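Beneath this line is the structure, given in structure tokens, with notes to follow.
Here, each number is a calculation from the coordinates, and none is a lab measurement. Computed from a predicted model, the values in this text were never measured in an experiment. Note that each Cβ is placed from the backbone with ideal geometry, even for glycine, and that neighbours are counted across all protein chains shown.
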């Protein structure tokens, strides 16, 4: 095999490999798109559903083992807030930077569920500066079941010792407040908007928008695959066009 033919063979092999890789990536994005659409449909259905009772303690292991089956389930809880064990978690929302107010809710059977009551500005860190009465005694809370956020935020770790929280880490916050671990639910609840207008915390700020760019990515990969195929065809045609000229230019043996 001449060097020209070997070079062409390597180029065609590279073209085939790149085409296969691009097609595989495009198909993967199509699968991701189907998964994302199913996820969005499932979450939207849950957030529109009538609220149900929180998972009993017997189901807590299932929440941890299969969180997708429970996340964003709409719950109705009845209990009493333990305001002394309130925690503030740094937050960035559509209303600006501030804090989530996370307060344990003690249910009638002694279970404890951490409730994200909503957003407050830095000036509203103190309960007395929130423009409304603090809910005392029995209360009813409706909200969405959310999964614990262990560790902290991006490049920012939670510091339980100083009660500086960058994520809603249920187990760590409960431990820092001395709550009994076996009575604390392994999830928290994002409370829906309620109360007086202008009063804080402001609930109902759960972000329910999910990035869905998979179709664009899939078309990009398929486009690259098509361009690679076109380039391969061009190489073959160019080589075929060169071959007769090479034969004509080859001098005859004496």
- From a point 7 Å beyond the Cα of residue 156 in the direction of its Cβ, which residues of the stretch 92-125 have a backbone N at a distance under 12 Å? 92-93, 97-100
- Message: Using Cα-Cα distances under 8 Å and only pairs 6 or more residues apart, what relative contact order does the chain have, in percent?
- Response: 24 percent
- Scale the Cα Rg of the stretch 73-191 by the rule-of-thumb value 2.2 N^0.38 Å and send over the ratio, two decimals. 1.00
- Query: Roughly what would the spin-label model give for residue 220 and residue 139, points 7 Å off Cα along C-beta, in nm?
  - Reply: 4.5 nm
- 1/(1 + (r/R0)^6) with r = Cβ-Cβ of residue 47 and residue 126, R0 = 45 Å, i.e. FRET efficiency to nearest 0.05, evaluates to 0.90
- Expected unfolding gain across residue 211-residue 65 under the 0.36 nm per residue rule, minus the alpha-carbon gap, is 50.0 nm
- Query: Can you give the angle from 0 to 90° between the axis of helix 214-249 and the longest principal axis of the chain, with both taken from C-alpha atoms, to the nearest 10?
  - Reply: 10 degrees
- Task: Report P(r) for the stretch 73-118: all Cα-Cα distances, bin width 5 Å, range 0 to the bin holding the largest distance, values in whole percent.
- Result: 5, 21, 25, 20, 16, 10, 3, 1
- Note on the structure: Percent antiparallel among DSSP beta bridges confined to the chain, rounded to 5, stands at 85 percent
- Treating the angle as unsigned and between 0 and 90°, give the value, to the nearest 10°, between the Cα long axis of helix 3-48 and the longest Cα principal axis of the chain. 20 degrees
- Labelled set (i) 22.6; (ii) 20.4; (iii) 17.8; Kirkwood radius over Cα pairs in Å computed from this model equals the value at (i)
